Amino acid sequence: MYRIASIGGDGIGPEIIAEGKKVVDAAGDAFGFGIEWQDFDIGADRYLSTGEVLTEEDLKELAKFRAIYFGAIGDDRVRPGILEKGILLRLRFHFDQYINLRPIRLLRGVSTPLAGKRPEDIDFVVVRENTEDFYVGIGSRFKGKEKKIMEVEREMYKVRFGLDVESDAEEVAYQIGVTTREGSRRAISYAFDLAEKRKKKVTSVDKANVLSEVYGLWRDVFSGVASEHPGVRNEFTFVDAVTMWFVKNPEWFDVVVTPNMFGDIITDLGAMIQGGMGLAPGGNINPTGTSMFEPIHGSAPKYKGLGVANPFATIWAGAMMLDYIGEPAAGAAIVSAIERAIREGKVTRDMSGSLSTSQVGDFVTAALKK
Ligand code: IPM
Ligand code: MN
């Protein structure tokens, strides 16, 4: 018996999580384990009625679970950023989920926009560092006398940008990225350990040619970790170039490790080459704490309640969750069942099918029973 927390969230979140839970339960039946779910009412509705985004009580309760199954958050009635930062990012940081694991894999039967590429060509994993970089939230925005600026800073704005920031006509915003040796090390080590079990290659994605402080440190750490893994090939790439290679030669990659923000960007590209956002799962992992599994797409408010949302990304995230809690065979069976649904055209309309969200969930559930 495993206890897992679930947060449906906003928009299509609750619908897809319902399908995911159904499938995970069926996998449990087939492989001899059970899940005791505890649902948490967190998201826009609660925020709008109580003003609470995420409470200390929520965090204390969630900390009791090894895994959280997460739908999506984001709602048109709430200013962008409040729920994203207040819930999703807060959970990632609070539980120190320092790995964001995003498989980029073209399942059999799925069409990719990359002409001529087959499932064996598109099969890599992005390990996105998940707690540092430009996500640390250090920055400010000010004009004129709103903010007391240190002499040296004022001089810097003047010399560098020709701005007199004491004047109300000028306005400045800045935000900084932070990498630490330990923060980089733990993400990069995770990537190398993963590559040891795969095709034994790790690619670092950064922009050390321009952001030479933050990514210079990242590269130093990468080289150090690489030297501890003589059996794993390694390479450095720049993020702008890697977007070309993802499209032109996805077969080159095995494990790709990257700081937080570039990881955010390149995994949307990755999602497209694996067949679209409806097929892209992710795990926010703290190997010794509370981890959280989610589709990488958002809450798609305009499709809420219509039964048209593609549940595969969420179901696949459920498979990753089972892998993580120690039921890898059940996880693999779920991915096979998804492939079977695709092969038989039991898919939602975004994949040119005609099934509803719950009909897809039912098919995958039934496929697990056989
Ligand atoms: C993602 C999302 C989030 C991110 C947003 C919603 C905060 O884009 O999970 O990729 O930037 O990490
Ligand atoms: Mn993103």
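Observations
- Taking every residue in the stretch 66-89 that is closer than 19 Å to Ala309 by Cβ and pairing it with any residue that is assigned to a helix (DSSP H, G or I) and near ligand 1 (Cβ under 10 Å from one of its atoms), at least 6 positions away or on another chain, the pairs with Cβ-Cβ distances below 8 Å are Phe70/Leu88; Ile73/Leu83; Ile73/Glu84; Ile73/Ile87; Ile73/Leu88; Gly74/Leu83; Gly74/Glu84; Asp75/Leu83.
- Only one of the numbered conditions (1) touching a strand residue (DSSP E or B) at 6+ places or on another chain (Cβ under 6 Å); (2) outside any helix (DSSP H, G or I) is violated by Met321, and that is (2).
- Selection from the stretch 271-293 of residues that are within 11 Å of ligand 1 (Cβ to nearest atom) and either more than 13 Å from Asn100 (Cα to Cα) or open to solvent by 10 Å² or more (accessible area, probe 1.4 Å) (or both): Ala271, Met277
- In the set (1) within 25 Å of Asp76 (Cα to Cα); (2) open to solvent by less than 40 Å² (accessible area, probe 1.4 Å); (3) more than 22 Å from the chain's Cα centre (by Cα), Ser358 fails one condition alone, (2).
- When we screen Ala329, Ala309 for residues that are part of a helix (DSSP H, G or I) and either at pLDDT 95 or above or open to solvent by 10 Å² or more (accessible area, probe 1.4 Å) (or both), the only hit is Ala329.
Okay, residues lined up against (1) of a type in the set (Phe, Trp, Tyr); (2) surrounded by 17 or more Cβ atoms within 10 Å (Cβ to Cβ):
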| site | (1), (2) |
| --- | --- |
| Glu155 | no, no |
| Ser167 | no, no |
| Ser184 | no, yes |
| Phe192 | yes, yes |
| Glu196 | no, no |
| Val239 | no, yes |
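- Qualifying positions in the stretch 97-130 - of a type in the set (S, T, N, Q) and buried (at least 22 other Cβ atoms within 10 Å of the Cβ): Gln97, Asn100, Asn130
- Number of residues in the stretch 70-128 that are in contact with a helix residue (DSSP H, G or I) (Cβ under 6 Å, 6 or more places away or on another chain) and aromatic (Phe, Trp, Tyr): the value is 1.
The values are calculated or read from the model by the stated rules, or taken from the named source; none is laboratory data. The model shown is predicted, which means the values in this text are computed figures rather than measured ones. Neighbour counts run over all protein chains shown; Cβ positions are idealised from the backbone, glycine included. When the accessible area is computed, the model is the full protein with side chains, heavy atoms only, and any ligands, DNA or RNA have been set aside. Shrake-Rupley method; radii C 1.70, N 1.55, O 1.52, S 1.80 Å.
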